[in-house]
Amino acid sequence: SKLSTLMFQITSVKIKCHICLCMQVLTVSSSVPLRVSAALSTAEESRVKLESLLEKERVLSNTLQQHLQGAQVWADGIGQVLGQLDTLERHMKYLQYILEEVLTQFHWPFISPPTQTLSPPANAQELNSQLELLVSQLLSLQTSDDLISEKKEIPSRPGQSQTPPLSLPIQIMLLPLSKRFRYHFTGNRQTNNLSKPEWYLTQVLIWMGNSSNFMDEKIQPVLDRAGAKVNARVELCRGLLTLAQEKLAQDAPRLLYDDALFCHLVDEVLQFEKELRGTHSYPRTYPGVLHILLEETVFQKWLSVERKMAVEKVDAMLSAEGAWSSQYKDITDMDELKAPDCAETFMTLLLVITERYRSLPCPRAQLSFLALQKELVDDFRIRLTQVMKEESRQPLSPRYCAILNAANYISTVLSDWGDNVFFLQLQQAAVSVGEEILGPLGATETGRLASLEGSLFEALLALLERLRGDMLGRLLDAVMRDVKEKAQPYCKDRWISLPSQNDQATMSLSSSACPMMLCLRDHLLQLQQMLCLPLFQTFWQGLAERLDNFIYEDLILYNHFNEGGVAQLQYDMTRNLFPLFGHYCKRPENFFKHVKEACIILTLKVGPALLLCDMLKQSEEDEGILNHQQPSPESALNELGVYKLAPSDVQILLNLRSAWLKQ
């Protein structure tokens, strides 16, 4: 303000000098030539401008003075606050020095596990009182002053939530541990080794374990009596975690170009997080160290390495010598799915990946790993398809069946995962943020996912089901080709001229049917051993359906029968063919509806057969005319036990009996 006043005075003197000079020029203006008048006019204009500037300067000077007076109040207030801060800082340093002295007598910090042999200090009661007084004063110091307790908000990283600042007593207790940590794990120390992240991570866990009893028994009661709503052990863990977080944040970017060291770092971080949450019961509401792995460059590297290692492992497992055999093949109760080693190892690989990303605090990151898993499953499915095509010339080989078991095993596991709570939670996350990671889902798929009707693996399951269906179809084709070849003599047997049942002492299987029956038995036994139970169930039911159609169309409809031929056909079917499938169900005849019902029609006595034939003809002639007195053909057939065959089919069958043709 003194400098401004001096400048104002100097300016005023200069302006007055200019005004006096102008007035002198005006006094002698009458005696000067006319050319001077222009100069005088200019001088007059300058005088007016100078007076205007002078007025503005006066206004500005007044404004400046008012501002300086107002600022002085703020300056006085800031000076007072700085004085208070200085006083608080001196108090805190004083208390810190005394807290440190007291903690030293309690043998703090516990670098090694505390032993019971350490005798308590002689003045233990006095130390406890001092500790309680100092802790309460530090807490009061922290909570009473806004400037000390206020912390700048740190921008949250992916999966990291905001946490309150550490209490002052805990901050002071951390000082010696922090000093030791930085001594060993920074700079040129041998213990600061990029390839050994487990050294500092393990050290942090050791310090947590060594200090837990002291925090629970000594510090927690003091905090409780002081009214602090904090957990002493958790607070110390938070402080120690800060050291590990800072170290990881520094080291992780330096390992991006070394896959082996980077993988080792990820493994150690995941193991550290597991022990932190499990052994040390660190709350999940507080961030651990996993958010370090979610930094964009680090996370993308993690995904890339997981993909690369998984593909390498899949290559190795598919080329292994025992890839297509089951390690449980000799243990019946453990080999229900008969999964080959390659499929079981692959799903174990996916399960390990799931366990690695399950605890990530960010749904987007979890969905990124899910997308990787789906990519790996689809790649494995394509590999199975390629191997299957190589084996398609021998669909009855053990390797072909192993491929089929592998597809079924993966499908079964993925179906179970679709009902798992973790994947159901991911499914809900996929509805809101999934398109950014999993690609466009479409309105229908999004709706199915949101309502839990669909599954995250629905598309993959459809592709695996298509592969399984295709392979089963090829398997059935191969078996039926063999069966049809063996059945040709049986189909061409002289059914119209076979001896009647009364002319035979005992009925026995047709000799021409033996090759077909043996072929069926051998294939069923073989595939029961090679296929898992669900696949074998589907196989034998499909085989029964095809066999039913084959016998009906190629044997029954192709031939005419006398009484002996019908009796022999029924005996072969009911006493030999059906029982072959009786090992797998209680009512095997229900899977041979065409054959069973054809035998019912063909074995009718002459009278009922002729009546049925007349009724069917009459019904055909009266088609379109309502006749409530005459039962419908369908109801008449139902009374005989015929439900599958249509009336037109029954008419054809009735015409196959040679004896009835003569009537």
Problem set entry | Residue that is surrounded by the fewest Cβ atoms within 10 Å (Cβ to Cβ) [pool: residues in segment 371-410 that are modelled with pLDDT of 95 or more and touching a Lys or Arg at 6+ places or on another chain (Cβ under 7 Å)] | LEU372
Exercise. Is there a residue in segment 448-461 that is part of a helix (DSSP H, G or I), under 18 Å from LEU577 (Cα atoms) and among the basic types (Lys, Arg)?
Worked result: no
Seminar exercise, completed: Matching residues in segment 453-509 (closer than 30 Å to GLY418 by Cα and basic (Lys, Arg)) number 3
Problem set entry | Among residues of segment 563-602, those that are without any contact (Cβ under 8 Å) to a residue 60 or more places away in the chain, out of contact with any Lys or Arg (no Cβ under 6 Å at 6 or more places or on another chain) and open to solvent by 50 Å² or more (accessible area, probe 1.4 Å), counted | 9
For this session: Consider MET215 carefully, then state whether it is among the hydrophobic types (A, V, I, L, M, F, W, C), in contact with a His (Cβ under 7 Å, 6 or more places away or on another chain) and farther than 30 Å from ARG364 by Cα.
Result: no
For this session: Would you please name the residue that is farthest from GLN526 (Cα to Cα), looking only at residues in segment 483-509 that are open to solvent by 40 Å² or more (accessible area, probe 1.4 Å), assigned to a helix (DSSP H, G or I) and in contact (Cβ under 8 Å) with a residue 40 or more places away in the chain?
Result: ASP503
Exercise. GLN271: exposed (fewer than 14 other Cβ atoms within 10 Å of the Cβ) and either out of contact with any strand residue (DSSP E or B) (no Cβ under 9 Å at 6 or more places or on another chain) or over 30 Å from SER178 (Cα atoms) (or both), yes or no?
Worked result: no
Exercise. Name the residues in segment 448-498 that are at pLDDT below 95, over 35 Å from the mean Cα position of the chain (by Cα) and among the small types (Gly, Ala, Ser), would you?
Worked result: SER497
For this session: Assess whether GLU435 counts as being open to solvent by 50 Å² or more (accessible area, probe 1.4 Å), under 15 Å from the mean Cα position of the chain (by Cα) and modelled with pLDDT under 70.
Result: yes
For this session: Evaluate segment 471-481: report whether one residue or more is closer than 30 Å to LEU337 by Cα and of a type in the set (Gly, Ala, Ser).
Result: yes
Exercise. If only one of LEU270, LEU276, LEU240, LEU265 is part of a helix (DSSP H, G or I) and more than 24 Å from GLN366 (Cα to Cα), which one is it?
Worked result: LEU240
Exercise. Among GLN160, GLN203, GLN137, which is the only one that is within 22 Å of GLU268 (Cα to Cα), of a type in the set (S, T, N, Q) and at pLDDT below 85?
Worked result: GLN160
Problem set entry | Candidates LEU223, LEU243, LEU256, LEU236 - the one that is touching a helix residue (DSSP H, G or I) at 6+ places or on another chain (Cβ under 6 Å) and closer than 24 Å to LEU376 by Cα | LEU256
Seminar exercise, completed: Within segment 302-316, the count of residues that are within 18 Å of the chain's Cα centre (by Cα) and open to solvent by less than 50 Å² (accessible area, probe 1.4 Å) comes to 5
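The values are calculated or read from the model by the stated rules, or taken from the named source; none is laboratory data. The shown structure was predicted, so the numbers you read here are calculated from the model rather than taken from an experiment. Counting neighbours? That spans all protein chains shown, and the Cβs are built from the backbone with ideal geometry, glycine included. Heavy atoms of the whole protein, side chains included, go into the accessibility calculation; ligands, DNA and RNA do not. Shrake-Rupley method; radii C 1.70, N 1.55, O 1.52, S 1.80 Å.
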